[in-house]
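Some notes on the structure that comes next.
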Amino acid sequence: MLETVLVTGGAGFIGGHLVERLLEKYHVVVMDNLSTGKISNLPQHPQLDFLFGDVSKEKDVARVFELYTFTYVYHLAAIASVAASIENPLGTHQTNMDGTIHLLNASKKQANTMRKFVFASSAAVYGSEPTLPKRETSAIAPITPYGIDKLASESYVISYSHLFGLKTSAARFFNVYGPRQNPESPYSGVLSILTNCIQKVVAGDEKVAFTLYGDGSQVRDFVYVDDIVNGLILLAESAESQSEVFNIASDENHTLLEVIAMYEEIVGKKLPLKYKNARAGDIHQSYADISKIKTIGYKATNTLKMGLSKYNQHEMEQAQQSIGIS
Ligand SMILES: NC(=O)c1ccc[n+]([C@@H]2O[C@H](COP(=O)([O-])OP(=O)(O)OC[C@H]3O[C@@H](n4cnc5c(N)ncnc54)[C@H](O)[C@@H]3O)[C@@H](O)[C@H]2O)c1
């Protein structure tokens, strides 16, 4: 019989990719309230059960754990918008912090059989302290409610390992990008907005311009979603990851202007730019040292150029399908 895995937030951008991969080996249960996720991010598959539920509600979480015994839990459900956390700290806290505690309490009852509880944390825990690259031992100074809840959640996750013998690890993702990332809000991942603009330019839209906040010299560590999935599965399956926190990133860092130039080269078109003032709270440079996760076997398999090419190819195919060209 197949082992059963829970993915909270499985209908989201990263969750959908993780679920696709896990279905190769497991029976997968997704718990999601579809607040930002979409059913269309999930494949139709006989080994997949979708349960509509809210991780901030203890009884919703308890119901899922009454129905199944899980070998692994991947806890990705979150309000993933920093801006939303600044506007509504208490509301986002209920999902981003209370939700984690409900899941840990439910998982603790299955600690004897559960092989790993993996938590999706974020580079936001490092905040704006300027020392680079960010190592797991770097100063921790979150500057937003989102980063604070991620830090508190990962501390809870590791503490449940020490207190209750639940095997856990946490992963700090840097800037994740790839197919199905939603470009709709101005606070969406910058590469989803950029990809959306590039697609319009390729389609011949002459009015489109990409808004650059600041001068484009911001540095980021953009990691392709497939590498995040590789890293999460590695943390779940590795014994050495237990009770530890790891960065998952790309092993490269680029300015936004470099990323734009790379994209222009891939599609063979120029992208018109519109400059605006840098946004308050935006961190100028953020990139990771990933030597810790490399010691347990991680490798970033997609260079930025490879990742952008795959992402662009996927978007072109989607556009062709939507206008009926096969
Ligand atoms: N995308 C990134 O660059 C990035 C970087 C660092 C960390 N992360 C973390 O990775 C995880 C996945 O992020 P994503 O980019 O796929 O975002 P996403 O918004 O696409 O996915 C989040 C999912 O959680 C679900 N959800 C939200 N609140 C919920 C609740 N109360 N109960 C149940 N489900 C709920 C949403 O419907 C959605 O499907 C999040 O924890 C996020 O904080 C993402």
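Values for this structure:
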item	result
Derived scalar couplings ³J(HN,Hα) [segment 314-319; Karplus, 6.51 cos²θ - 1.76 cosθ + 1.60; whole Hz; x for Gly, Pro]	4, 5, 5, 5, 4, 5
5 angstrom amide H check on S241, placed H, neighbours 5+ away	none
Residues R220, R135, R279 arranged by fewest to most Cβ contacts within 10 Å	R279, R135, R220
Fewest-first sequence of T95, T255, T295 by Cβ atoms within 10 Å of each Cβ	T295, T255, T95
Neighbour-count ranking [beta-carbon atoms within 10 angstrom, fewest first] of D49, D54	D49, D54
Greater than 24 Å apart at Cα, pairs in K38/K292; K59/K116; K38/K116; K269/K310; K134/K294	K38/K292; K38/K116
Most fluctuating residue given options G189, G91, G307, as computed from a GNM of the chain linking Cα atoms under 10 Å	G91
Whole-Hz couplings from phi, Karplus 6.51/-1.76/1.60, listed for segment 54-63; x for Gly and Pro	10, 5, 7, 9, 4, 6, 5, 5, 4, 4
Relative contact order of segment 68-197, defined on C-alpha pairs under 8 angstrom at six or more residues apart (%)	28
Long-range HN-HN contacts of V176 with modeled amide H, under 5 Å	V223
Cβ-based net charge around N253, under 10 Å, with every Lys or Arg adding one and every Asp or Glu removing one	-3
Under 11 Å, Cβ to Cβ, from I143 - net charge with Lys/Arg +1 and Asp/Glu -1	-2
Share antiparallel - DSSP beta bridges, the chain, percent rounded to 5	5
Centroid-to-centroid separation of segment 120-155 and segment 1-65 [C-alpha atoms, Å]	27
Relative contact order of the chain, pairs being alpha-carbon contacts under 8 Å that are 6 or more residues apart, as %	16
Stokes-Einstein diffusion coefficient of the chain, Kirkwood radius over Cα pairs, 37 °C, 0.692 mPa s, in µm²/s	162
Amide hydrogen neighbours beyond the local backbone of K116, cut-off 5 Å, H modeled	V73
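All of the numbers you see were taken from the coordinates with simple rules; none came from a lab. On a predicted model such as this, the values are computed, not experimentally measured, just so you know. Positions of Cβ are backbone-derived with ideal geometry, glycine not excepted, and every protein chain shown enters the neighbour counts.
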